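The block underneath contains the structure these notes are about, expressed in structure tokens.
The values are calculated or read from the model by the stated rules, or taken from the named source; none is laboratory data. Here the structure is a predicted model, which means the values were calculated and not measured. Reconstructed Cβ throughout: ideal geometry from the backbone, glycine too, with neighbour counts over all protein chains shown. The accessibility values were calculated without ligands, DNA or RNA, using every heavy atom of the protein model including side chains. Shrake-Rupley method; radii C 1.70, N 1.55, O 1.52, S 1.80 Å.
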Amino acid sequence: MDMRPEPFVPPAPEPRTVPPSRLEVIRTVMRNPLELWGKPSYTLPWIETKFLKERTLIVNDPGLIRHILVDNSANYEMSEIRQLILRPILRDGLLTAEGPVWKRSRKAMAPVFTPRHSRGFAGQMLAKSEEYVEKYAADHPSGAVHDISVDMTELAFAILSETLFSGEIVTESEKFSDDVDSLLHRMGRVDPMDLLRAPPWVPRLTRIGGQRVLDKFRKVVADTMLQRQKRMRETPDAVPQDFLTLLLQLEGPDGLTMAEIEDNILTFIGAGHETTARALAWTLYCVGQSPHVRDAMETEIDQVLSEGAEPVDWLERMPWVRAAFEEALRLYPPAPSINRAAIRDDRWTSPTGETVTIDAGVTVLVMPWTLHRHELYWEKPRAFMPERFLPENRGNINRFQYLPFGAGPRTCIGAVFAMQEAVIALAVLMKRYRFDVVPGTKVWPVQKLTTQPQDGIPMKVVRRRST
């Protein structure tokens, strides 16, 4: 008999049972694309659809996903609609660049994000997490309510700033998280003109006012670059050898242009820390609704820390903490869709003999949002069950049914960095505090640039009695 407690099922849109009209599709995509998907997207291995005369293939089959993202990735470019949304923000940053520009940028940044180098950031991640958690010490002994989605944005930014930029991002903003939310709300969303494939010079009414916020971000990046360049000229031996310095050293005819360097710094300040921040907030929310998971995590954290383990080893020594974060990534993938377009005709045959034909120009959607909740591949797919990711169970998960960091040549370059950061941050937070859901709170996921809570995640932060 299975004696496990019934798992928590966090909020998410119910699959549609009736296809939406064209007008409803446009409205839903503008409001919240996560609400668009119907029952077939969660039950079938692939689906062919058509909207505004454009054919789209929605792919859930792990074998077909591997074919598109890995085996024949050269045949699939970034889709037009994705670029219409993201390029105005990131230009030639690593997420949006293609061709030679992408290759140069990826090669330039690869040394910073090797597993060995990422492990070297553990001490800084720990120091910034311990520094940030002190903000809760001033609360009343019975606890206080905080918007955890905001707090995790601030924490992730502090860690990113310290580890990749040595704390030298030039910003006067006291509430950087508000700037991020404003940017993503105004710029990181689908506009009707995107759906109609209007050229970039056609105004997007939903993004009016976003340029001002984007200009502010650009100024932060430009000022940061100028400050570091000055240090590199005046005191070259005292300049930190971090991500920022590395990029600036690559400027030149055979490396990156100053514009490309600016784009990549903006990418990591904005999108790079945003994804981890959202996942941390969703983790604390789901754990707060799952007492048995929280108990297991607290026991594990207390034991590992009492043994004096170095933070660089926490990722491997805290399987429950890691599993809870990975399960939150499954349910609320920071990047809920991977959009591609076929360059040439292609075909793929499944192990059972079914053939999928993909004509040139067809849009291909690999949807972590639907894939991670798919009934063919997951037990109780809508439930929060970190046990799936414990070491003894990981072998049951196909590499291409779980894509929080993508796959193939464009897999997230910072995946190891993000996993280590998350485990260290969660361990520090949960060693001293419990995060309880405020009664009556209604949390709802929306897709903007990332999967984020519509109105935040208010949680009561209470000091643990045992600490």
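For the stretch 201-316, which helices (runs of 4 or more DSSP H) that fit wholly inside it have 3 or more residues that are of a type outside the set (Phe, Trp, Tyr) and under 22 Å from the mean Cα position of the chain (by Cα)?
Answer list for the stretch 201-316: 210-234, 258-267, 273-288.
Which members of the stretch 271-303 meet the condition of being closer than 14 Å to Leu160 by Cβ, open to solvent by 10 Å² or more (accessible area, probe 1.4 Å) and small (Gly, Ala, Ser)?
Matches in the stretch 271-303: Ala271, Gly272.
Any chance the stretch 137-153 includes a residue that's closer than 28 Å to Thr114 by Cβ and either of a type in the set (Val, Ile, Thr) or at pLDDT 90 or above (or both)?
Residues of the stretch 137-153 closer than 28 Å to Thr114 by Cβ: 152-153.
Next cut, either of a type in the set (Val, Ile, Thr) or at pLDDT 90 or above (or both) only: 152-153.
Within the stretch 137-153, one or more residues are closer than 28 Å to Thr114 by Cβ and either of a type in the set (Val, Ile, Thr) or at pLDDT 90 or above (or both).
Do any residues in the stretch 342-354 that are closer than 16 Å to Ile58 by Cα have Cβ atoms under 6 Å from those of residues that are assigned to a loop (DSSP other than H, G, I, E, B) and open to solvent by less than 80 Å² (accessible area, probe 1.4 Å), where the two are at least six apart or on different chains, and which pairs are they?
As it stands, the answer is Ala342/Ala360; Ala342/Val362, since those pairs meet every condition given.
Looking at the stretch 51-80, which of its residues are farther than 14 Å from Arg340 by Cβ, open to solvent by 20 Å² or more (accessible area, probe 1.4 Å) and touching a strand residue (DSSP E or B) at 6+ places or on another chain (Cβ under 7 Å)? Reasoning before the result, please.
Step one: list which residues in the stretch 51-80 are farther than 14 Å from Arg340 by Cβ, which gives 51-53, 60-63.
Next, from what is left, pick out any that are open to solvent by 20 Å² or more (accessible area, probe 1.4 Å): 51-53, 61, 63.
Result: Asp61, single match.
Restricting to the stretch 128-166, name every residue that is part of a helix (DSSP H, G or I), surrounded by fewer than 16 Cβ atoms within 10 Å (Cβ to Cβ) and hydrophobic (A, V, I, L, M, F, W, C).
Result: Ala137, Ala138.
So, in the stretch 387-414, of the ones that are of a type in the set (Gly, Ala, Ser) and over 17 Å from Ile65 (Cβ atoms), which residue ends up most open to solvent (accessible area, probe 1.4 Å)? First the steps, then the outcome.
Residues of the stretch 387-414 that are of a type in the set (Gly, Ala, Ser), as a first pass: 395, 406-408, 414.
Add one more test, that the residue is over 17 Å from Ile65 (Cβ atoms), and what stays is 395, 414.
Details: Gly395: 76, Gly414: 10 Å².
Here the residue is Gly395.
Could you identify the single residue in Arg91, Arg66 that is over 26 Å from Asp191 (Cβ atoms) and within 21 Å of the chain's Cα centre (by Cα)? Please lay out each step first, then the result.
Numbers: Arg91 fails: over 26 Å from Asp191 (Cβ atoms).
Just one listed residue meets the conditions, Arg66.
Which of the residues belonging to the stretch 363-401 are touching a residue at least 60 places away in the same chain (Cβ under 8 Å) and of a type in the set (Gly, Ala, Ser)?
Filtering the stretch 363-401 for residues touching a residue at least 60 places away in the same chain (Cβ under 8 Å) gives 363-367, 369-371, 373-377, 380-391, 398-401.
The one that is touching a residue at least 60 places away in the same chain (Cβ under 8 Å) and of a type in the set (Gly, Ala, Ser): Ala383.
Suppose the filter is open to solvent by 30 Å² or more (accessible area, probe 1.4 Å), more than 24 Å from the chain's Cα centre (by Cα) and at pLDDT below 95; does Arg465 pass it?
Details: open to solvent by 30 Å² or more (accessible area, probe 1.4 Å): yes; more than 24 Å from the chain's Cα centre (by Cα): yes; at pLDDT below 95: yes.
When the stated conditions are applied, Arg465 passes them.
Where the second residue is in a helix (DSSP H, G or I) and the first is loosely packed, with under 10 Cβ neighbours inside 10 Å and lies in the stretch 17-28, which pairs have Cβ atoms under 8 Å and are six or more apart or on separate chains?
Thr17/Lys39
Matching residues to (1) in contact with a Cys (Cβ under 8 Å, 6 or more places away or on another chain); (2) surrounded by 18 or more Cβ atoms within 10 Å (Cβ to Cβ); (3) more than 30 Å from Met193 (Cα to Cα):
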position	(1), (2), (3)
Arg207	no, yes, no
Lys216	no, no, no
Met225	no, yes, yes
Arg228	no, yes, yes
Met232	no, no, yes
Pro236	no, no, yes
Gln249	no, no, yes
Asn264	no, yes, no
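Please go through the stretch 329-364 and give me each residue that is open to solvent by 20 Å² or more (accessible area, probe 1.4 Å), of a type outside the set (D, E, K, R) and more than 17 Å from the chain's Cα centre (by Cα), ordered by number.
The answer is Ile343, Trp348, Thr349, Pro351, Thr352, Gly353, Thr355, Thr357, Ala360, Gly361.
Before we move on, is Val428 open to solvent by 50 Å² or more (accessible area, probe 1.4 Å), in contact with a helix residue (DSSP H, G or I) (Cβ under 8 Å, 6 or more places away or on another chain), under 30 Å from Arg116 (Cβ atoms) and assigned to a helix (DSSP H, G or I)?
On the way: open to solvent by 50 Å² or more (accessible area, probe 1.4 Å): no; in contact with a helix residue (DSSP H, G or I) (Cβ under 8 Å, 6 or more places away or on another chain): yes; under 30 Å from Arg116 (Cβ atoms): yes; assigned to a helix (DSSP H, G or I): yes.
It is false that Val428 is open to solvent by 50 Å² or more (accessible area, probe 1.4 Å), in contact with a helix residue (DSSP H, G or I) (Cβ under 8 Å, 6 or more places away or on another chain), under 30 Å from Arg116 (Cβ atoms) and assigned to a helix (DSSP H, G or I).
Could you check the stretch 304-314 and list, in sequence order, the residues that are open to solvent by less than 30 Å² (accessible area, probe 1.4 Å) and over 16 Å from Arg464 (Cβ atoms)?
Going through the stretch 304-314, the residues open to solvent by less than 30 Å² (accessible area, probe 1.4 Å) turn out to be 304, 309, 311, 314.
The answer is Ala309, Pro311, Trp314.
Conditions (1) at pLDDT 95 or above; (2) among the hydroxyl-bearing types (Ser, Thr, Tyr); (3) open to solvent by 40 Å² or more (accessible area, probe 1.4 Å), marked per residue:
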position: Arg186; (1), (2), (3): no, no, yes
position: Gln241; (1), (2), (3): no, no, yes
position: Thr245; (1), (2), (3): no, yes, no
position: Gly252; (1), (2), (3): no, no, no
position: Glu260; (1), (2), (3): no, no, no
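Kindly indicate which of Pro404, Pro381, Pro391 is in a loop (DSSP other than H, G, I, E, B), at pLDDT 95 or above and under 30 Å from Phe157 (Cβ atoms).
Details: Pro381 fails: under 30 Å from Phe157 (Cβ atoms); Pro391 fails: under 30 Å from Phe157 (Cβ atoms).
Of the residues listed, the single one that is in a loop (DSSP other than H, G, I, E, B), at pLDDT 95 or above and under 30 Å from Phe157 (Cβ atoms) is Pro404.
Filter the stretch 365-378 for residues that are outside any loop (DSSP other than H, G, I, E, B) and among the hydrophobic types (A, V, I, L, M, F, W, C); which is nearest to the chain's Cα centre (by Cα)? Even if it seems obvious, please write down each step before you answer.
Step one: of the stretch 365-378, the residues outside any loop (DSSP other than H, G, I, E, B) are 365-366, 368-371.
The next check asks that each one be among the hydrophobic types (A, V, I, L, M, F, W, C); those that pass are 365-366, 369, 371.
Values: Leu365: 17, Val366: 15, Trp369: 12, Leu371: 16 Å.
The qualifying residue nearest to the chain's Cα centre (by Cα) is Trp369.
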